[in-house]
Amino acid sequence: METAWNHQFVEANGIRIHYVRHGAGFPLILLHGWPGFWYVWRKNILPLAEHFDVIVPDQRGFGDTDKPDVPAVEGYNKYVRAEDMRGLADALGLDRFGIVTHDIGSWVAQVFAVKYPERVPRLFLFDCPYPGIGDRWIRPDHLKEIWYMWFHQQPWAPKVIGSSRENTRLYFSHLLSHWAHDPHAFDEDIEAWVDNYSKPGNLQGGFNWYIAADAERLAMISGTLQKQPVIHVPTRVIWGESDKVIKAEWADRLGEFFSDYTFMKVPDAGHFVQYERPDLFNEEVIRHFAEMSRIPEKAPR
């Protein structure tokens, strides 16, 4: 039976944001990464909604959220996206809330936690890029994994990928299967990705992140990135052991950027732990935010 998702829209930070919302209680914002949109959380929304007020937006440029026709560097960077999240929370009347995210969403969450620590009592990050990765992005054994970061910046890239439904399917099938532990993990849902990224503007909207983030990424790789503020918000970090693009071994410098964190590797999972190991993932999220929702924590495993 098909789920009746509760789709809503709100005006926030100058754009119209699409989100799905279920549940009640302490609010959690689930913020997708690349290549994502709200549906990547389909295995998590309802289980978490039994305990929390779960809010799942499409980031600007993605899904059914607006895609402003502005220069990507100015209009699609992590600081603007953090203000989107603040605007969304304000519009929904949320004073304090948790953030659950990975991939590019982790950059947004880190900005938000530095600027508005009083509003986010806890963070939950997984497979998360952070400044400590440094030049490991371009080590010889990893160059083959990050080609897409520069491909997405080419002005003709959306035309190539979006020239046919077959091309769109081929591209996203590759990313999802290659980054997952099980290459068939997304087989049942690949048409949802094709449908989403076939919508007008969604390819360029997603690619705009890579244009906006390029200068900072190059500074991180070259060692010229300015010193980043330490995040003091209590943070839970989990990481798929099989993640090929953001490697679990790169978590070794988290302590330089998060003063209060716990860490766990997840076996049999790649880049999409929430989708690949949903039962474990949901349990970890519930455990981490239990104090907020007044749910008795289970005994440690």
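The values are calculated or read from the model by the stated rules, or taken from the named source; none is laboratory data. What you see is a predicted model, and the numbers here were worked out from it, not measured in a lab. FYI the Cβ positions are ideal-geometry reconstructions off the backbone, even for glycines, and counts take in every protein chain you see. Note: accessible area is taken over every heavy atom of the protein model, side chains too, but ligands, DNA and RNA are not part of it. Shrake-Rupley method; radii C 1.70, N 1.55, O 1.52, S 1.80 Å.
Looking at the range 276-292, is at least one residue surrounded by fewer than 22 Cβ atoms within 10 Å (Cβ to Cβ), closer than 30 Å to residue 138 by Cβ and over 19 Å from the mean Cα position of the chain (by Cα)? The answer is no; no qualifying residue exists. Restricting attention to the range 81-113, the residues that are touching a helix residue (DSSP H, G or I) at 6+ places or on another chain (Cβ under 9 Å) and within 19 Å of residue 217 (Cβ to Cβ) add up to 11. Within the range 68-112, the only residue that satisfies the criterion of being under 12 Å from the mean Cα position of the chain (by Cα) and free of Cβ contacts under 8 Å to residues at least 40 places away in the same chain is 81.
Conditions (1) aromatic (Phe, Trp, Tyr); (2) touching a helix residue (DSSP H, G or I) at 6+ places or on another chain (Cβ under 9 Å); (3) assigned to a helix (DSSP H, G or I), marked per residue:
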position: 253; (1), (2), (3): no, yes, yes
position: 264; (1), (2), (3): no, yes, no
position: 268; (1), (2), (3): no, yes, no
position: 271; (1), (2), (3): no, yes, no
position: 275; (1), (2), (3): yes, yes, yes
position: 281; (1), (2), (3): yes, yes, yes
position: 285; (1), (2), (3): no, yes, yes
position: 291; (1), (2), (3): no, no, yes
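Only one of 63, 23 is of a type in the set (Gly, Ala, Ser) and closer than 23 Å to residue 189 by Cα; which? None of the other options fit; the residue is 63. Total residues in the range 128-148 satisfying the condition of being among the charged types (D, E, K, R), farther than 22 Å from residue 266 by Cβ and in contact (Cβ under 8 Å) with a residue 12 or more places away in the chain: the figure is 1.
Return the total of residues in the range 225-251 being in contact (Cβ under 8 Å) with a residue 24 or more places away in the chain, over 27 Å from residue 278 (Cβ atoms) and not β-branched (Val, Ile, Thr). Looking only at that region, the number is 4. Among the conditions (1) β-branched (Val, Ile, Thr); (2) open to solvent by less than 10 Å² (accessible area, probe 1.4 Å); (3) in a helix (DSSP H, G or I), the only one that residue 114 does not satisfy is (2). Just one of the listed residues (177, 222) is among the hydroxyl-bearing types (Ser, Thr, Tyr), in contact (Cβ under 8 Å) with a residue 60 or more places away in the chain and more than 18 Å from residue 152 (Cβ to Cβ), and it is 222.
The single residue among 77, 6 that is in contact with a strand residue (DSSP E or B) (Cβ under 6 Å, 6 or more places away or on another chain), more than 19 Å from residue 278 (Cα to Cα) and either charged (D, E, K, R) or open to solvent by 10 Å² or more (accessible area, probe 1.4 Å) (or both) turns out to be 6. Taken over the range 10-42, the criterion of being surrounded by fewer than 19 Cβ atoms within 10 Å (Cβ to Cβ), of a type in the set (Gly, Ala, Ser) and out of contact with any Ser or Thr (no Cβ under 8 Å at 6 or more places or on another chain) is satisfied by 14, 24.
Can you tell me how many residues in the range 240-251 are in contact with a strand residue (DSSP E or B) (Cβ under 6 Å, 6 or more places away or on another chain) and either open to solvent by 30 Å² or more (accessible area, probe 1.4 Å) or in a loop (DSSP other than H, G, I, E, B) (or both)? Of the residues in that region, 1 qualify.
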